[in-house]
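The values are calculated or read from the model by the stated rules, or taken from the named source; none is laboratory data. In this text, all values refer to a predicted model and were calculated from it rather than measured experimentally. Cβ coordinates were reconstructed from backbone atoms using ideal geometry, including for glycine residues, and neighbour counts include every protein chain displayed. Ligands, DNA and RNA are stripped out before the accessible areas are found, and what is left, the full protein with its side chains, is counted by its heavy atoms. Shrake-Rupley method; radii C 1.70, N 1.55, O 1.52, S 1.80 Å.
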Amino acid sequence: MDSSKVRQTFLDFFKSKQHQIVPSAPMVIKDDPTLMFTNAGMNQFKDIFLGNRGAENKRIADTQKCLRVSGKHNDLEEVGHDTYHHTMFEMLGNWSFGDYFKKEAIAWSWELLTDVFPIDKERLYVTVFEGDKTDALGMDSDALACWKELIPESQILFGTKKDNFWEMGETGPCGPCSEIHIDLRSDSEREALSGRDLVNTGNPLVIEVWNLVFIEFNRLSDGKLMPLPAKHVDTGMGFERLCMVLQGKVSNYDTDVFQPLIKALADLAGITYGSDPKADIAMRVVADHLRAISFAIADGQLPSNVKAGYVIRRILRRAVRFGYVFLNFREPFICNLVPVLAEQMGRYFPELISQQPLIVNVIREEENSFLRTLEQGIQKFQHYVDSPHEGRGTRDEGRTNIQHPASNIQHPGSSIIDGPFAFELFDTYGFPVDLTELMAREIGWSVDMDGFRKGMEKQKARSRQAATLDASDWIVVKEDAGMSEFVGYDTMETVTSITRYRKVKGKTGELFQIVLDTTPFYAESGGQCGDKGWLKKGDEMIDIQDTVREHEQTIHIASSIFSDPIGDIIAVVDASKRLLITNNHSATHLMHAALRKVLGIHVEQKGSLVDETRLRFDFTHFSKMSTEEIELVEKLVNSKIRENIPQIEKRAVPMAEAKDMGAIALFGEKYGTEVRVIRFGDDFSTELCGGTHVAFTGQIGLFRIISEGAIAAGIRRIEAITGAVAEQYMYGKEQLLTQVNEALKHPRELMHGIHNLQEENQELKKAAGEYAKLKQAEIKLELKNKIEPANGLNYLAKQVELDMESMKGIASELRNEVPDLFLILASEAGGKANLVIAISDSLVKGKNLNAGLIIRELAREIQGGGGGQPHIATAGGKHPDGIPVLLEKAKAYFIS
């Protein structure tokens, strides 16, 4: 059974059990502050489990694309080395929201596995929660009774809380679970040792296939468990593992899920899969990582240096590095595999096909960038190894001092790469530490991994501290309250009540999160920032600093709470800020439509930010916009503003009907079965959007693009302004022109006056440069006459009144003119210290002197740092008062 048939059989089975088959949610999560990526099939239903919304369908099944590379669930380092770990994987799942429970879930899982597929019953083992005294929970006797009707007791095992009690997080819905494991070993191996003895021991051929979770409790922040009013079923089965079982393989990578990618990669590398263990690992890594990267980009997440983007960049760079080291790729190669993936999985995930050009271009650019980084890292590593006076030593040694030039004894150094240097390569330059280890081993060296790990721990501690959010339990004010009803499309003030609130402590201090029964506040979503405003009750008033969305619930952020939160309150949105935000959001829609008309229909939105000051819009386009194209977009948008087009809003439109209307959807966004459509003009702009918009385009007033540039391969960014902000911007430009005109004494033609000024400036620069050369030659001669012999070399250390470039120029000339020269020049400029050291080649080779290393020691006196080549080096510092001490310190080494 091929993988497509496996997937379809699962979905058809649960459809026959009256389950609604729903599409996979985006892999990149946008409305959950606790998660960056979907790491389990239940993530898109999390708000149902939390009670934030009801379920449209009581029974649901799907295949969900998941990613596990961070936090508690992190499989990244195992990927490729074993047979079954992955970053991106598919999770086949079925759910019951307050409908069926353990009996049906267990019976149907057994029916599907043993009757429909079918799998040998004797190879299957199941686990049951044995209970836990700390939570006062007994054994899951209901699940045990169900399993006894289906499977011999010898194939039933009991598991601890660690293995058989599933929890969403430290707080929230949770419950016992039953895992289904399969023994894939040969008959002789099974006869020698029972599979039940290998369950959950890490054996690669005795693995978990399906987990049935029975959600019946809510974990409070104090650790106590509270029974839920409704009980739910949440199951997850690894698609790749199931394919391995049904295709008679012993590795996920041997199935048709991965083999087309591995074969294409092997052809590119000119090798055969299975011929070299290290190359095989590399091919498995690349095949796995390609899937994760491609799906993330298709969902709108580009590689970057922050948050989710950093994770994607890390995965991509890991794949490039394996290809570089073990498959000898020196040019981009991963991008060439994207068409294979799109052909293989595009039927079930059409975004791979529609987004294929973007995925290819982004991956190619990232590969090129990291290949350059690898080359730089290798050069830095080689320089470190080749430098005999580098500040390294044994693991316990301190820094290396300047060596006295009269001695020709070379510092012995060490065969250990310092941990801080390895961490610097990793943290600053993105150079993988395992590649540093590999290169070190090749020359008989090792890496101080303890020192490296200390650097990593400090970095993680900083990240944890920045992300820490200590939240108390929700205090329920109004029982049986459902989702907040948003009324902000129609009003900016309403009478409402608080349904619940909690206190949170973060890096900005103590705040309150408040949920209202009905709210006019728009929660940050779809690129539009959250509303600000006030809550009023009697004489008390609370400032709402921001409004955010978590698990589809509207959360109002405030610095305080009412003395009595029970009863009616008045919620008021800051209307002035909302007006500016609305102008910018509607202008974004008009600009999107204008871009598609001017540049082409390939333009797709890839991100946006709309607040009261500006709008930012990221879109697909593969070249810089010309001045003429920018002007055309501006003129088109402004013409639509002048037309004063009315907004046509349609709420609760079925998705199919919205598509028939030509509504543009944003890839990576999660839409329901019914959507809101915003249209300006019958044939101009029609988009799916939940944001706030102007009633007539004339309200926007004026539109102006202030910047356009690239942010990634094939992704451009426009920043623009509207209304009063654009008006002020134009006044500023006009005022600047007036000031320029006045400064040039009101020439008849302003540009002619500017050209004359530029010509005069060039002539003055030329004259100043010639004078500087004469002055520099004079100073050089003066310094040359002051050079004195000392300890077998010619020496001078002096403070001068020169900038860094002049000092470096003079030093370079003198080291070529004066034999055996050791020269130190220092200066002060703008409250900072500059330092140059120049050493003749004869001293570099004959006495092992190294300007780059010596300058690091001396620069400490000016609270700075620097480096360079053995013959010349520069440094800067913020403490110019240390220059005299620096010069005396150098003198002590050379004149004794």
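Worth pointing out:
- A straight Cα-to-Cα reach below 27 Å connects residue 278 with the lysines 249, 263, 380, residues fewer than 8 places away in its own chain not being considered.
- Violating pairs (Cα-Cα greater than 23 angstrom) within the set 58/121; 133/503; 58/231; 784/808; 224/503: 58/121; 133/503
- Expressed as a fraction of 2.2 N^0.38 Å, the value expected for a compact globular protein of N residues, the C-alpha radius of gyration of the range 555-623 is 1.69.
- Proximal charge balance of residue 786 [Cβ under 13 Å; K/R count +1, D/E count -1]: +1
- Here the range 788-833 is treated with +1 on each Lys and Arg Cβ and -1 on each Asp and Glu Cβ, and its dipole about the Cα centre works out to around 140 debye.
- 10 Å Cβ shell holding at most 14 others, DSSP loop, GluC sites (Glu not before Pro): longest site-free stretch of the chain: 171-396
- Net charge of Cβ neighbours under 9 Å - reference residue 546; Lys, Arg +1; Asp, Glu -1: -1
- Reachable aspartates and glutamates, given that their alpha-carbon falls under 16 Å from the alpha-carbon of residue 532 and they are not under 8 places away in the same chain: 493, 524, 543, 546, 574, 611, 612
- A straight line joining the Cα centroids of the range 80-108 and the range 683-747 runs 50 Å.
- Using only Cα coordinates, the Kirkwood hydrodynamic radius of the chain works out to 32.7 Å.
- Measuring with a 1.4 angstrom probe and ignoring ligands and nucleic acids, residue 63 comes out at about 10 Å² accessible.
- Using a probe radius of 1.4 angstrom, the carbon and sulfur fraction of the accessible surface of the chain is 50%.
- Under 20 Å of direct C-alpha separation, and excluding same-chain neighbours fewer than eight residues apart, residue 659 reaches these lysines: 597, 606, 650, 670.
- When the chain is described by a simple charge dipole with +1 on each Lys and Arg Cβ and -1 on each Asp and Glu Cβ, the residue from 235, 572, 876 located farthest towards its positive end is 876.
- For the chain, the longest principal axis of the C-alpha atoms and the axis of helix 804-817 are separated by about 60°.
- Quick note on the range 49-134: its Rg to Rh ratio, both from C-alpha atoms and Rh being the Kirkwood radius, is 1.02.
- Hull volume per residue, based on the alpha-carbon atoms of the range 468-593 and their convex hull, is 123 Å³.
- The magnitude of the dipole of the chain, with charges of +1 and -1 set on the Cβ of Lys/Arg and Asp/Glu and taken from the Cα centre, is near 1600 debye.
- With a 1.4 Å probe rolled over the protein heavy atoms of all chains, the accessible area of 19, 383, 85 falls in the order 383, 85, 19, largest first.
- The chain: angle of helix 102-111 to the longest principal axis, Cα-based, in degrees nearest 10: 80 degrees
- Comparing 714, 586, 438 along the charge dipole axis of the chain, the residue lying farthest to the positive side is 438, per the Cβ-charge model.
- Scattering from the range 780-830 was approximated by placing one identical point on each alpha carbon and applying the Debye formula without solvent; log10 I(q)/I(0) at 0.17 1/Å stands at -0.47.
- Classified by the C-alpha gyration tensor, the range 531-579 has an oblate form. Its axis ratio a/c, with a ≥ b ≥ c, is 1.5 or above, and a/b does not exceed b/c.
- Working note: 222 nm ellipticity from helices only, DSSP H runs with n ≥ 4, each -39,500 (n - 2.57), summed and divided by the residues of the chain, gives -12000 deg cm²/dmol to the nearest 500.
- Modelled FRET efficiency - R0 51 Å, residue 472 with residue 758, Cβ distances, 0.05 increments: 0.20
- Overall form of the range 233-300 per C-alpha gyration tensor (a/c, 1.5; a/b vs b/c): oblate
- For the set 88, 439, 730, the ranking by accessible area, highest first and with no ligand, DNA or RNA atoms included, is 730, 439, 88 under a 1.4 Å probe.
- Placing pseudo-labels 7 Å out from each Cα toward the beta carbon at residue 798 and residue 749 gives an inter-label distance of 5.3 nm.
- Principal-axis tilt of helix 449-467 within the chain, Cα atoms, nearest 10 degrees: 60 degrees
- Radius ratio Rg over Rh of the range 176-238, counting only Cα atoms, Kirkwood formula for Rh: 1.19
- Rounded to the nearest 20, the size of the Cβ-charge dipole of the range 555-657 about its Cα centre is 320 debye, with Lys and Arg at +1 and Asp and Glu at -1.
- Other residues within the sphere of radius under 13 Å centred on the Cβ of residue 272, judged by their own Cβ, net out at -2 (K and R +1, D and E -1).
- Straightening the chain between residue 427 and residue 203 buys 77.2 nm, computed as 0.36 nm per residue apart minus the Cα-Cα spacing.
- Modelled spin-label separation between residue 9 and residue 735, with each label point placed 7 Å from Cα along the Cα-to-Cβ direction: 7.4 nm.
- Label point distance in nm, residue 869-residue 117, each placed 7 Å from Cα along Cα→Cβ: 6.5 nm
- For the range 1-69, the convex hull drawn through the C-alpha positions has a volume of 95 cubic angstrom per residue.
- Rounded to the nearest whole angstrom, the semi-axes of the ellipsoid equivalent to the range 610-694, taken from the Cα gyration tensor as √(5λ), stand at 25, 17, 13, largest first.
- The range 259-342 - Rg over Rh from alpha carbon coordinates, Kirkwood radius: 0.98
- Rounded if a/c under 1.5, otherwise prolate or oblate - the range 1-155, Cα gyration tensor axes: rounded
- Ranking 310, 637, 768 by how far each Cα lies toward the positive end of the dipole of the chain (charges on Cβ) leaves 768 at the top.
- Euclidean distance of C-alpha centroids, the range 19-65 and the range 474-538, integer Å: 23 Å
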